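Novice: Have a look at the structure that comes next, please.
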Amino acid sequence: MAYQKVKGTNDFYDLDSKKLRYIEGVVTNIIKDYGFSEMITPIFENTEVFVRSVGEASDIVTKEMYTFLDKGERSLTLRPEGTAAIVRCFVENKLFGTPGIKKYYYFGPMFRYERPQKGRFREFHQFGAEIYGDASPYLDAEVILSAYRILTELKIKGVKLKINTIGDFISRENYSKALKEYFKDKLDKLCDDCKNRYNKNPMRILDCKVDSDSDILKNAPKIKDFLTDEAKAYFNTILKCLDELKIPYVVDSSLVRGLDYYTDTVFEFISDFDGLAICAGGRYADLVKSFNGPDLPGIGYAFGVERVKDIMEEEGLFPNLERCVDVVIISLDDDSKISALNLAYNLRKEKLSVEMDYKNNSLKPQFKLSDRVNPRFIVIIGEAERESGIYTVKDTINKIEEKVKLDKIVSFIKGE
Ligand code: ATP
Ligand code: MG
């Protein structure tokens, strides 16, 4: 099937592409209010960028990456997520060199070799936001708040915020030891991947999709019993902020997230509509350092744009994005086609969208075109109009027809 799209990918055209761009417009407008600027990084990176950050034991690295050798025998990978490349760029360009916290957002395609199904594709889009430079529970609260604001602005209801802390370094060290001890004599009851995770990063076992319903996982030690006092206080301050700001949440002590770089705060917004996460994120204490940068903490999240789009379609939350053209120009002879080109040129300079017919001189096919694109105004140009310089303009909403001088058409249509 050489001429069909690759399994797990999507084409976006007509209304679908408008919906994607509508979401992009809303989210980027909001995040700019929070002081974020856009970062555009390559679609592929050296494989090591993802292995080092996302983690050797993660599902993404072990199973889901599109990795290939280029003609120079370099191992490259199509980005499976956004954070790693942003950190790589941040460190490589020494963006930490000036004072203050740094805020970046991105919007674009990601690639993961997953089993395609509803809300899960091999190419999908993420919108993400990242902050480097400070670790403060108030900043964590504000980051969560900005994601919440995006959901509110898109009018998406029925979303549950799940939040947890996986603690600071010491908390996680102690927790890892406890998990190893707990799973030691239960390994034969876990899936093969989990046996591997046991050695590399036992916390990953808790994120296993195969074993997720087993009692062994449910009864495993919980991170909350291993938190240091500092980690507890940090987390409680975030919860206090959310309480004060009346942001509903549930603390889910088994939430660990599927990427190794997370530390301390982790969160997900889950949709009631299909139980899928539409946004997920957390804090990462050591990511910048692990890319040979300074010891600067980071925090961020990513929205799954297709999942947002699904919910918005289901709940009828998109505004009318149907094609609606400002002006159709009908021209009744060859010379009028040139006048039409000229008028279209001037109208488009004024940011008005214009359609015209390039082939027909009779009215019928041109009105057919007009019906298809549903214009706000129709301008008719024939020999008489060219000679008098007075054109017929139809206002299709108010159902009136006016004779307008050529040099007044732009201001007439713009309602000035
Ligand atoms: P999941 O648990 O659903 O596999 P994840 O933990 O792998 O998600 P992240 O890596 O945190 O997800 O990515 C952030 C968001 O990107 C997810 O919450 C989801 O909305 C979206 N996302 C992740 N993988 C896919 C995919 N294969 N297709 C579509 N959207 C996805
Ligand atoms: Mg996943």
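Novice: Select from segment 226-261 the residues that are polar (S, T, N, Q) and over 15 Å from LEU139 (Cα atoms) and write down the one among them that is farthest from the chain's Cα centre (by Cα).
Specialist: Going through the qualifying residues, I end up with THR228.
Novice: Still on this structure, please answer the following. Among the listed residues ILE216, ILE131, identify the single one that is part of a strand (DSSP E or B) and not aromatic (Phe, Trp, Tyr).
Specialist: None of the other options fit; the residue is ILE131.
Novice: All but one of (1) within 15 Å of ligand 2 (Cβ to nearest atom); (2) surrounded by fewer than 20 Cβ atoms within 10 Å (Cβ to Cβ) hold for ALA302; state the number of the condition that does not hold.
Specialist: (2)
Novice: Quick one: in segment 258-275, of everything that is open to solvent by less than 30 Å² (accessible area, probe 1.4 Å) and over 16 Å from PHE235 (Cα atoms), which residue is farthest from ligand 1 (Cβ to nearest atom)?
Specialist: Checking each candidate, the answer is TYR261.
Novice: Here's another thing I want to ask about it. Which ones in segment 156-191 are free of Cβ contacts under 8 Å to residues at least 24 places away in the same chain and either open to solvent by less than 10 Å² (accessible area, probe 1.4 Å) or not in a loop (DSSP other than H, G, I, E, B) (or both)?
Specialist: Of the residues in segment 156-191, the ones free of Cβ contacts under 8 Å to residues at least 24 places away in the same chain are 173, 177, 180-181, 184-185, 187-188, 191.
Correct list: GLU173, LYS177, LYS180, GLU181, LYS184, ASP185, LEU187, ASP188.
Novice: State which residue is farthest from ligand 2 (Cβ to nearest atom) when the search covers only segment 109-119 and only residues that are among the charged types (D, E, K, R) and either outside the structural domain of ARG79 (by TED's automatic domain parsing) or touching a helix residue (DSSP H, G or I) at 6+ places or on another chain (Cβ under 9 Å) (or both).
Specialist: LYS118
Novice: Do you know which of the residues in segment 15-49 that are in a loop (DSSP other than H, G, I, E, B) and of a type outside the set (A, V, I, L, M) is nearest to GLU92 (Cα to Cα)?
Specialist: Looking only at segment 15-49, we keep the residues that are in a loop (DSSP other than H, G, I, E, B), and these are 34-36, 39-43.
Next, from what is left, pick out any that are of a type outside the set (A, V, I, L, M): 34-36, 41-42.
Numbers: TYR34: 25, GLY35: 22, PHE36: 19, THR41: 12, PRO42: 14 Å.
If we take residues in segment 15-49 being in a loop (DSSP other than H, G, I, E, B) and of a type outside the set (A, V, I, L, M), then THR41 is nearest to GLU92 (Cα to Cα).
Novice: Could you tell me whether segment 127-139 includes any residue that is within 16 Å of ILE31 (Cβ to Cβ), within 16 Å of ligand 2 (Cβ to nearest atom) and not assigned by TED's automatic domain parsing to the domain that holds MET203?
Specialist: Taking segment 127-139 as the starting set, the residues that turn out to be within 16 Å of ILE31 (Cβ to Cβ) are 127-132, 139.
Remaining after also requiring within 16 Å of ligand 2 (Cβ to nearest atom): 128.
Subset that is not assigned by TED's automatic domain parsing to the domain that holds MET203: 128.
Yes, the conditions are met somewhere in segment 127-139.
Novice: What single numbered condition from (1) of a type in the set (A, V, I, L, M, F, W, C); (2) touching a residue at least 40 places away in the same chain (Cβ under 8 Å); (3) buried (at least 19 other Cβ atoms within 10 Å of the Cβ) fails to hold for CYS194?
Specialist: Going through the list (1) of a type in the set (A, V, I, L, M, F, W, C); (2) touching a residue at least 40 places away in the same chain (Cβ under 8 Å); (3) buried (at least 19 other Cβ atoms within 10 Å of the Cβ), CYS194 breaks only (2).
Novice: So, one more: Which condition number does LYS195 fail, the rest of (1) in a helix (DSSP H, G or I); (2) more than 27 Å from the chain's Cα centre (by Cα); (3) within 23 Å of ASP295 (Cβ to Cβ); (4) not small (Gly, Ala, Ser) being met?
Specialist: For LYS195, the exception is condition (3).
Novice: Please enumerate the residues belonging to segment 197-214 that are among the polar types (S, T, N, Q) and open to solvent by 40 Å² or more (accessible area, probe 1.4 Å).
Specialist: ASN199, SER212
Novice: Which condition from (1) in contact (Cβ under 8 Å) with a residue 60 or more places away in the chain; (2) out of contact with any Gly (no Cβ under 9 Å at 6 or more places or on another chain); (3) not basic (Lys, Arg) is the one that LEU259 breaks?
Specialist: (2)
Novice: Pull out all pairs, ordered by first then second residue, where Cβ-Cβ is under 6 Å, the residues are six or more apart or on different chains, the first lies in segment 33-52 and is farther than 18 Å from VAL143 by Cα, and the second is crowded, with 19+ Cβ neighbours inside 10 Å and modelled with pLDDT under 95.
Specialist: Listed by first residue and then by second, the contacts come to VAL51/VAL61.
Novice: Which residues, taken from segment 359-415, are of a type in the set (Gly, Ala, Ser), under 17 Å from LEU343 (Cα atoms) and over 46 Å from the mean Cα position of the chain (by Cα)?
Specialist: Of everything in segment 359-415, those that are of a type in the set (Gly, Ala, Ser), under 17 Å from LEU343 (Cα atoms) and over 46 Å from the mean Cα position of the chain (by Cα) turn out to be GLY382, ALA384, SER388, GLY389.
Novice: Any idea which of (1) within 15 Å of ligand 1 (Cβ to nearest atom); (2) under 24 Å from VAL251 (Cα atoms); (3) assigned to a loop (DSSP other than H, G, I, E, B) is the one ILE150 doesn't satisfy?
Specialist: Answer for ILE150: the failing condition is (3).
Novice: Consider LEU347 carefully, then state whether it is under 30 Å from GLN117 (Cα atoms) and either in a strand (DSSP E or B) or not basic (Lys, Arg) (or both). Can you show your working first?
Specialist: Details: under 30 Å from GLN117 (Cα atoms): no; either in a strand (DSSP E or B) or not basic (Lys, Arg) (or both): yes.
No.
Novice: Also, quick follow-up: Look through segment 276-298, keep the residues that are of a type in the set (Gly, Ala, Ser), open to solvent by 20 Å² or more (accessible area, probe 1.4 Å) and more than 16 Å from ligand 1 (Cβ to nearest atom), and return whichever of them is farthest from the chain's Cα centre (by Cα).
Specialist: That would be SER290.
Novice: Among the listed residues GLU385, GLU355, identify the single one that is over 28 Å from ASP14 (Cα atoms) and in contact (Cβ under 8 Å) with a residue 24 or more places away in the chain.
Specialist: Details: GLU355 fails: over 28 Å from ASP14 (Cα atoms).
So the residue among GLU385, GLU355 that is over 28 Å from ASP14 (Cα atoms) and in contact (Cβ under 8 Å) with a residue 24 or more places away in the chain is GLU385.
Novice: Same structure again: Restricting to segment 116-136, name every residue that is basic (Lys, Arg) and more than 9 Å from ligand 1 (Cβ to nearest atom).
Specialist: If the condition is that a residue be basic (Lys, Arg) and more than 9 Å from ligand 1 (Cβ to nearest atom), then LYS118 is the only one that fits.
Novice: Quick check on my filter: what residues within segment 215-237 are buried (at least 20 other Cβ atoms within 10 Å of the Cβ) and in contact with a Ser or Thr (Cβ under 6 Å, 6 or more places away or on another chain)?
Specialist: Result: PHE226, LEU227, ALA231, PHE235.
The values are calculated or read from the model by the stated rules, or taken from the named source; none is laboratory data. Since the model is a prediction, treat every value here as computed from it, not as a measurement. Ideal geometry is used to build each Cβ from the backbone, glycine not excepted, and the neighbour counts take in all protein chains shown. Side chains are part of the model used for accessible areas, which takes the heavy atoms of the whole protein and leaves out ligands, DNA and RNA. Shrake-Rupley method; radii C 1.70, N 1.55, O 1.52, S 1.80 Å.
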